[in-house]
Amino acid sequence: LLPVRLLTRAGKGRIGERIRPEGVGLMIRVTGIKVTVDERKQIETPLLRKLRIAKEDLLSYRIYKESVDARKSEMIYFVYTVDVEVRNEPQVLARLRKDKDISVAPQLDYQYIKTGEATLEHRPVVIGTGPAGLFAGLLLAQMGYRPLLLERGGDVDERTAAVEGFWSGAELNPESNVQFGEGGAGTFSDGKLTTLIKDKRGRKVLEELVLAGAPEEIIYAHKPHLGTDKLKDIVKNLRKTIERLGGEVRFHARVTEVRIEVGMVTGVTVNDNEFIPATAVVLAIGHSARDTFAMLHNRGVSMAAKAFSIGVRVEHPQELIDRSQYGQFAGHKNLGAAEYKLVYHGDGRSAYTFCMCPGGEVVAAASEEGCVCTNGMSEYARAAQNANSALLVGVGPEDFGDDHPLAGVEFQRKWEREAYELGGKNYSAPGQRVEDFLAGRPSKTLGEALPSYRRKVVPSDLRHALPDYVVATLQQAIRDFDRKLKGFADPDAVLTGVETRSSSPVRITRNEDYVSENVGGLFPCGEGAGYAGGIVSAAVDGVRVAEAIASRYRPLKEQ
């Protein structure tokens, strides 16, 4: 087979470009190629059979999508969509024109937009190096704008040391933690790359991640993930690419003021003492930059309170989830650790699982002193003993008790402080057995499912760390989920509180050109601004915002 490979580049260029033998046209897309769990990726024979061609006529192929069909207990299947190159393509397409599983593969290569004509007086400034900031900076660097990225936390190595220290009992570093630092909050997560958005920029994001060291399987896997261990190297490589292309990344550079004059941004102040002029500023600040939200509100930047979700982390032995999802095939080498995604629709509020981490751990995710909040994390292998997931209930401005734009922030703080008190005021987390939680009684001890939260879980009554309506909805949801996934309500499963950072509590409003509604040159971006909900959607939003800047201005290298 002739390989289909990604092209690397030294500067601006297209990625994901296919290398085709001379005389070969567009690729053919074939859907519905199914093989047993034991035959994963062994798709050449069924592909030849489907196309009705000889082996020598199959020039190359690549997997576009892989999914798992576990609906039948007697066998689990992998199902593939494949893009192929064949000899005599027109004849093959004509012969198979009535087959609904055969079509011409669409063009996938990312197309750089036409740049604008206005003069950019200063290089673009990107605040934050989470997925939105990194990909806004990456695209701007690729297109010759030499962006400056400002990150309040440390680089990923320094940040990892601070986080590991905190998990082991050291003091919290409010500037470099699970929320702040190179890579953003997603660096300490399962690294999920699933998204509900339908945007072709998503493929560019995945291909750039591969060029930065991610496994190629993320391009086609049904539920791709990276894991914290791989993410750390990937974000570092993305930063090095930005720098190689003329950009600059500065750490320990907290933006303490955005200067606005006559409705236009004119620059930013870093660490209260250094002014940096700028006419294009990207706000990729993440969902936990509460002090930055307050500063922007005080400067008059348009924003509004936004709905989000709160709840707990639920933890089960991974073996239990594997058996429930895969039955006799649990533990099969081609399946890995099983996942789940569950939703409960009650008479009033709904509940759902979120950011499920197979073979992972529950982590201390605080970014403010005197607050406890949790998150989930997995490494790429997903080999830890427990599975965990956020178990959340939606809340909105009507619950916050105030119509202030930052009322959601205060709502988060209230319950994080309650959890801090309940856990013993030392960043231990309150926890409860599922059986006790459903019975409405405090847990005196924990059971066979040992919690993975490293700063200790204190048996408690989570009714004191969550609103009554959240507790009631979670109790109903757990019973419902147990009917859908056997063992979910296992008596010894453990709930660890609280999870409050599911998404931003604020939306920094912007117009259809991605510019702030009332401040010219200010580009709210990503999850922190309220326009994304995960690594890929945030990165895609960063690409969109970079395109918006590029469509206005000529690259600096041309000025």
Tally of residues being open to solvent by less than 10 Å² (accessible area, probe 1.4 Å) and either assigned to a loop (DSSP other than H, G, I, E, B) or free of Cβ contacts under 8 Å to residues at least 24 places away in the same chain (or both) across region 94-127: 5
Condition check for residue 62: open to solvent by 10 Å² or more (accessible area, probe 1.4 Å), part of a strand (DSSP E or B), more than 11 Å from residue 32 (Cα to Cα) and in contact (Cβ under 8 Å) with a residue 40 or more places away in the chain: yes
Any hit, region 406-420, residues being over 27 Å from residue 294 (Cα atoms), in contact with a strand residue (DSSP E or B) (Cβ under 8 Å, 6 or more places away or on another chain) and open to solvent by 20 Å² or more (accessible area, probe 1.4 Å): no
Odd one out for residue 439 among (1) touching a residue at least 12 places away in the same chain (Cβ under 8 Å); (2) among the small types (Gly, Ala, Ser); (3) farther than 25 Å from residue 165 by Cα; (4) surrounded by fewer than 17 Cβ atoms within 10 Å (Cβ to Cβ): (1)
So residue 269, is it assigned to a strand (DSSP E or B), among the polar types (S, T, N, Q) and either closer than 30 Å to residue 38 by Cα or open to solvent by 10 Å² or more (accessible area, probe 1.4 Å) (or both): yes
Region 314-330 residues that are without any contact (Cβ under 8 Å) to a residue 60 or more places away in the chain, paired with ones that are surrounded by 20 or more Cβ atoms within 10 Å (Cβ to Cβ) (beta carbon under 6 Å, 6 or more apart): 322/338; 330/322
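Let's see how each residue does on (1) open to solvent by 30 Å² or more (accessible area, probe 1.4 Å); (2) out of contact with any Leu (no Cβ under 6 Å at 6 or more places or on another chain):
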| site | (1), (2) |
| --- | --- |
| 314 | no, no |
| 317 | yes, yes |
| 323 | yes, yes |
| 340 | no, no |
| 344 | yes, yes |
| 365 | no, yes |
| 368 | yes, yes |
| 380 | yes, yes |
| 383 | yes, yes |
Residue within region 421-428 that is farther than 26 Å from residue 164 by Cα, in contact (Cβ under 8 Å) with a residue 12 or more places away in the chain, open to solvent by less than 60 Å² (accessible area, probe 1.4 Å) and not in a helix (DSSP H, G or I) present: no
Residue under evaluation residue 496, criteria (1) in contact with a Ser or Thr (Cβ under 7 Å, 6 or more places away or on another chain); (2) open to solvent by 10 Å² or more (accessible area, probe 1.4 Å); (3) under 28 Å from residue 432 (Cβ atoms); (4) not hydrophobic (A, V, I, L, M, F, W, C), criterion not met: (2)
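The values are calculated or read from the model by the stated rules, or taken from the named source; none is laboratory data. Predicted, not measured: the structure shown is a model, and the values here were computed from it. Note: ideal-geometry Cβ built from the backbone for every residue, glycine included; neighbour counts use all protein chains shown. Note: accessible area is taken over every heavy atom of the protein model, side chains too, but ligands, DNA and RNA are not part of it. Shrake-Rupley method; radii C 1.70, N 1.55, O 1.52, S 1.80 Å.
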